[in-house]
Amino acid sequence: QVRLVESGGGLVQAGGSLRLSCAVVGSIFSISTMGWYRQPPGKKRELVATITRGRSTNYADSVKGRFTISRDNFQNTVSLQMNSLKPEDTAVYYCNAVVNLHEYWGQGTQVTVSS
C-alpha cells in the first residue's frame with residue numbers, strides 16, 4: 001500500500017506565502033516524477049509544477065518565479081514553496097507521484113488567498 005500524505009495549506013492574504021509538503025508512505029521501491037497540481041473552483045485540475053528524481057523541474061507559466069518545488073529523495077517527500085500568492089492561486093492542491101511505476105494522488109489540501 002502506498003499513500004501520499006499532504007500537509008500545509010490554509011488561508012493567506014494576497015502577497016503572502018505558504019508551504020505545502022507531501023510524504024510518500026508505504027512499500028516504496030522507486031519514486032520517479034513528483035509534482036503538484038491544483039483545481040480552482042469550477043475549473044479542471046491543472047499542472048502547477050513537477051520535479052524528476054534528478055531534480056529537473058517544470059512549472060506552469062502562471063507560477064514561474066513565485067513557486068518553487070523541491071524534493072528529498074531520502075525522506076520521500078516533495079514540497080512546494082509558494083510566494084507572492086494571488087487570489088487566482090486559490091484552489092485545492094494535490095500532490096502527485098509515480099511510485100513503483102504507478103501514479104498516486106494525495107487527498108488534496110485547500111489553499112485560499114484573500115484579496
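The values are calculated or read from the model by the stated rules, or taken from the named source; none is laboratory data. A quick note: this is a predicted structure, and the numbers were derived from the prediction, not measured. The area values use the complete protein model at the heavy-atom level, side chains included, leaving out ligands, DNA and RNA. Shrake-Rupley method; radii C 1.70, N 1.55, O 1.52, S 1.80 Å.
Per residue and in cubic angstrom, what volume does the convex hull of the Cα atoms of the chain have?
91
So, how do all the Cα-to-Cα distances of region 54-115 break down into 10 Å bins, in percent, from 0 on up?
Binned Cα distances yield the sequence 18, 50, 28, 5, 0.
Using θ = phi - 60° and the Karplus form 6.51 cos²θ - 1.76 cosθ + 1.60, what ³J(HN,Hα) does each residue of region 80-94 get, whole Hz, x for Gly and Pro?
Whole-Hz 3J(HN,Hα) from phi for region 80-94: 9, 8, 10, 10, 6, 5, 10, x, 6, 7, 4, 4, 8, 9, 10.
How large, in percent, is the carbon and sulfur part of the accessible surface of the chain at a probe radius of 1.4 Å?
Carbon with sulfur: 49 percent of the solvent-accessible area.
With a 1.4 Å probe and all protein chains left in place, how much accessible area per residue does region 31-106 have, in Å²?
Heavy-atom accessible area per residue stands at 51 Å².
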